[in-house]
1. How far is it, in nm, from the label point at SER30 to the one at LEU99 when both lie 7 Å from their Cα along the line to the Cβ?
2. Which order results if TYR153, TYR126 are arranged by neighbouring Cβ count within 10 Å, fewest first?
3. Just want the answer: with Cβ charges of +1 for Lys and Arg and -1 for Asp and Glu, which residue in THR58, PRO118, ASN19 is farthest toward the dipole's positive end in region 3-154?
4. Simple spin-label model, 7 Å along Cα-to-Cβ: PHE81 to ASN19 in nm?
5. In nm, what is the difference between 0.36 nm times the number of residues separating GLN113 and ALA47 and their Cα-Cα distance?
Amino acid sequence: MDRRQRWQRPLLRIRRSENDVAACKAAAESRTHLGLTGHLVTITSAAENEFVFGLLPTAQYSVGAWIGLTDDEAFGGIESFSQANPQIDGWVWVTGEPLTFTDWGSFTNSIGQFVQEPNNSGNEDYVVLHAFSGPIEWNDAPAHHEPPFIVEYEAAPVPEPATLAMFGAGAIGFIGAALRRRKIR
């Protein structure tokens, strides 16, 4: 299914924060909606980024919401701050999808220095989608930060028709061999 088509269906829900991002991740994965399983939202395009951000109530714009991107080793990531390209290298989606789009923010700090996210200020291994300084952007944040989280619900992948045909042919061959073996005895 084309990811754009997926966003045309109501498969996202915003939930209040839990104690930390691990609790939010666990809560998202324990949820189901109409038989679909949940996980922290993944974002693979600018259009999805805007759509997901549009789900946030205006009062949440500066606080943001957890998305399912992390460089935490406990979730399969590698500390990005020490990588050659810290905006890509080391980050993983909680679903295992490839990281094909990012929207890291930047700002000028209180002493006039330009700061590019992710900056790993204070062991920040998780990502929040927000509009703290105006535009929609991503920021790495520590686990104990408590914004709400966005749950994405999606069905398990459907096998391709060719896979089903091969499985069917194999099953018919197996049944035929079993029937022949029975007749021989």
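A short reminder: the numbers here are calculations on the coordinates, not readings from a lab. Computed from a predicted structure; not experimentally measured. Please note: Cβ atoms are built from the backbone with ideal geometry, for glycine as well, and neighbour counts cover all protein chains shown.
1. A separation of 2.8 nm, rounded to one decimal place.
2. TYR153, TYR126
3. Farthest along the dipole direction, towards plus: THR58.
4. 2.4
5. Residue separation times 0.36 nm, minus the Cα-Cα distance, leaves 20.7 nm.
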